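This report concerns only the one structure given below.
The values are calculated or read from the model by the stated rules, or taken from the named source; none is laboratory data. What you see is a predicted model; the values in this text were computed from it and never measured. FYI the Cβ positions are ideal-geometry reconstructions off the backbone, even for glycines, and counts take in every protein chain you see. The protein model used for the area step is the full one, side chains on, heavy atoms only, and it has no ligands, DNA or RNA in it. Shrake-Rupley method; radii C 1.70, N 1.55, O 1.52, S 1.80 Å.
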Amino acid sequence: MKKEAEQAEVNIGLIGHVDHGKTSITQALSGKWTDTHSEELKRGISIRLGYADTVFYKCPDCKGAEAFSTKEKCPNCEKKGKKLRKVSFVDAPGHETLMTTMLSGAALMHGAILVIAANEFCPQPRTKEHLMALKISGIKNIVVAQNKIDLVDKKKAEENYKQIKNFLKEFEYEKVEIIPTAAHFGTNMDLLIEAIEKNIPSPKVDEKKPVKMFIARSFDINKPGAKPKEIVGGVLGGTILQGKIEEGDELELSPGINNKKTKIKVVELSTAGGTIKKAVPGGLISVKTLIDPNLTKNDQMKGNVLGKIGTVSDPVSEIKMKLNYFKREITDKKNEVKQGEIIVLSAGTATTIGTIVSLKKDLIDVTLKVPISVDKGQRIAVSIKDATRWRLIAYGEIQ
Ligand code: ZN
């Protein structure tokens with residue numbers, strides 16, 4: 001019998017401005033980045049949200065940060081290290097047009113590494129927006145990597161450090177640890193792992209809670225020209241928020257197929273590295289179903305919520321929200337939304353466009369172009385159109 005794959009126990013986001021080094025840090029920490037991607041490319045799956053799994057080890061003999069690595073054999077003294085845990089890195093695109101992808105990614109993160117380049121002024125626009133997105137998702141546990149430290153002198157590094165400190169304070173993240181890194185050279189990755197171990201704990205798993213999973217991707221894994229009897233059902237990918245899923249479970253998908261709640265059967269479960277019999281929160285998992293694979297190809301089911309039958313909210317095309325603007329944005333009057341304005345809403349892994357049909361103080365009614373499944377009290381990210389792009393300005397709480 002094949003050995004079962006092991007699920008990661010925590011999802012750590014890599015966030016920050018484009019080109020500040022998110023992918024290099026993931027590479028330096030996991031070394032598996034390229035493999036994960038090429039595997040996906042081979043199967044023709046669109047890459048929106050990248051991810052890579054790795055295992056952290058601690059050497060029993062080395063002292064301080066030097067003891068931490070991603071190698072079972074200690075890189076300093078070659079002694080066999082103690083396995084700490086398997087983690088999953090979720091790489092959020094830093095490009096401004098992909099902000100909605102980043103927001104979907106934030107819904108899957110338990111903590112994050114905010115990557116800030118030492119050779120640029122802090123904050124850059126996306127640095128700020130990504131931290132706002134973390135706030136909306138309620139992510140408190142983060143570590144800052146002050147990256148590209150090799151490109152600046154001591155004075156410049158200190159100036160940049162002060163800018164980072166002030167920026168973090170503004171968003172009430174003042175206690176966050178800042179680790180200087182040079183990811184291209186693998187510099188201080190041990191310090192970074194130590195900081196992650198200290199500051200980003202794995203989520204507690206309560207298998208008794210009714211299962212809930214955000215769908216971030218979906219695909220058709222059949223090869224072109226496959227014979228009818230070889231065709232397998234559609235696959236849903238994402239992260240479990242609470243509870244557990246077991247092979248054979250019957251669950252409910254909302255908004256579902258054609259925006260009607262849809263019952264599905266779990267045919268097979270897998271995580272990076274292979275199949276599993278049971279899945280819990282942590283890591284990205286795939287759920288093979290009996291859905292027509294035509295309906296799951298190209299991430300068509302992204303934004304759905306999968307959960308225990310009878311516990312998932314019905315799809316809605318009208319929502320009422322209480323708006324909360326970000327402090328810095330509210331000082332600028334043009335950021336306030338108006339009646340009739342078109343806004344982009346990000347709820348969990350779902351993205352939809354809405355029109356504000358009524359507005360009373362901070363309460364707004366919005367009609368949605370594509371229905372979503374949301375719970376009372378859930379936080380929804382709100383972006384408005386600037387001259388050239390969508391900009392995150394506020395979050396709404398579902399009433
Ligand atoms: Zn050692």
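Results, tabulated for the structure shown:
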quantity	calculated
Nearest-0.05 FRET efficiency for ASP375 and ASN335, computed from C-beta distance (R0 45 Å)	0.95
Where Rh is the Kirkwood radius over Cα pairs, Rg/Rh for the range 316-398	0.92
Under 20 Å from LYS155, Cα to Cα: lysines that are on another chain or at least 8 residues apart	LYS165
GNM top mover of GLY138, GLY256, GLY340 - the chain, alpha-carbon springs below 10 Å	GLY340
Potential extension, GLN300-GLU158 segment - 0.36 nm per residue separation minus Cα distance	46.5 nm
Over the range 212-308, relative contact order from alpha-carbon pairs under 8 Å, at least 6 apart, %	42
Relative contact order for the range 316-398, counting Cα pairs under 8 Å that sit 6 or more residues apart, in percent	37
GNM result for the chain, Cα springs below 10 Å: residue of THR367, THR101, THR351 fluctuating most strongly	THR367
Over 20 Å (Cα to Cα) - which of LYS135/LYS260; LYS302/LYS322; LYS58/LYS140; LYS82/LYS208; LYS140/LYS204; LYS128/LYS162 fall in this group	LYS135/LYS260; LYS302/LYS322; LYS58/LYS140; LYS82/LYS208
Translational diffusion coefficient (Stokes-Einstein; Kirkwood radius from C-alpha pairs) of the range 116-176 at 25 °C, 0.890 mPa s, in µm²/s	205
Gained length - ASN199 relative to LYS260, 0.36 nm times residue gap less alpha-carbon distance	17.9 nm
Heavy-atom accessible surface of the chain: percent carbon and sulfur, 1.4 Å	51
Relative packing of 388-395, 196-203, 151-158, 130-137, which averages over residues the other C-beta atoms within 10 Å, highest first	130-137, 388-395, 196-203, 151-158
Cα convex hull of the chain - mean projected area over all directions, nm²	21.3
For the range 10-199, accessible area per residue (1.4 Å probe, heavy atoms of protein chains only), Å²	44
Length gained when the stretch LYS82-LYS320 is fully extended (0.36 nm per residue, less Cα-Cα span)	80.6 nm
Nitroxide proxy distance, nm - points 7 Å out along Cα→Cβ at LEU290 and PHE121	6.0
Mean separation of Cα contacts under 8 Å (6+ apart) over length of the chain, as relative contact order %	15
Quotient of Cα Rg and 2.2 N^0.38 Å for the range 10-199, N being how many residues it contains	1.00
Spin-label proximity, GLU72 to the range 259-280 - amide N less than 18 Å from point 7 Å beyond Cα toward beta carbon	273-274
Over the chain: helical MRE at 222 nm, DSSP H runs n ≥ 4 each giving -39500 (n - 2.57), nearest 500	-5000 deg cm²/dmol
Cα-only radius of gyration and Dmax that characterise the range 212-308, units Å	12.4, 38
Set of aspartates and glutamates with alpha-carbon distance to LYS156 below 20 Å, sequence-local pairs under 8 removed	ASP19, GLU120, GLU177
